[in-house]
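To keep things clear, I will list the structure first and then write my remarks on it.
The values are calculated or read from the model by the stated rules, or taken from the named source; none is laboratory data. Keep in mind the model is a prediction, meaning the values are calculated, not measured. Here the Cβ is made from the backbone with ideal geometry for all residues, glycine too, and neighbour counts use every protein chain on show.
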Amino acid sequence: MQEIIDLAERLGRALAESPQATALREAQQQLQQDDDTSDLVNQYRRKAEKIMQLEKQGKPVEPEDKRKLDELHSALASKPAFKSFTAAQYDYADLMRRVDQALNKHLGQEAE
């Protein structure tokens, strides 16, 4: 069992040192240092959470809330720091998907 734990430790270190993880950390740091973009991200999250709560409670979502969420999304999409962060997230998620597929292949559970 210790051998498996040791392999997991090595995999964890390799993932943490991967170009994808490094790029994600750097993009996250740049995003946090960009006050304007960070503020937009926070506004977007709050508005999205409000809408999800309303939907979960079966309450109507006002068109103004949907319009504001769309505006915030458009504003974020134009920010270089957000674009970089989103691309880095995608690359890291793709790496993790491929790792998961490799693990599942050996466990006899092909990833869907």
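So the values come out like this:
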| read-out | value |
| --- | --- |
| Qualifying position, being of a type outside the set (A, V, I, L, M, F, W, C), in a helix (DSSP H, G or I), in contact with an Asp or Glu (Cβ under 7 Å, 6 or more places away or on another chain) and surrounded by 14 or more Cβ atoms within 10 Å (Cβ to Cβ), among 30, 20 | 20 |
| Members of region 1-50 that are hydroxyl-bearing (Ser, Thr, Tyr) and in contact with a Phe, Trp or Tyr (Cβ under 6 Å, 6 or more places away or on another chain) | 37 |
| Of all residues in region 77-101 being small (Gly, Ala, Ser) and in contact (Cβ under 8 Å) with a residue 40 or more places away in the chain, the one that is nearest to residue 36 (Cα to Cα) | 81 |
| Which numbered condition residue 78 fails, given (1) surrounded by fewer than 15 Cβ atoms within 10 Å (Cβ to Cβ); (2) under 28 Å from residue 11 (Cβ atoms) | (2) |
| Region 50-75: number of residues that are within 24 Å of residue 31 (Cβ to Cβ) and surrounded by 13 or more Cβ atoms within 10 Å (Cβ to Cβ) | 8 |
| Residue match in region 100-107 (condition: under 20 Å from residue 19 (Cα atoms), at pLDDT 95 or above, of a type in the set (A, V, I, L, M, F, W, C) and exposed (fewer than 15 other Cβ atoms within 10 Å of the Cβ)) | no |
| Filter pass, residue 66 being farther than 27 Å from residue 16 by Cβ, in a helix (DSSP H, G or I) and at pLDDT below 95 | yes |
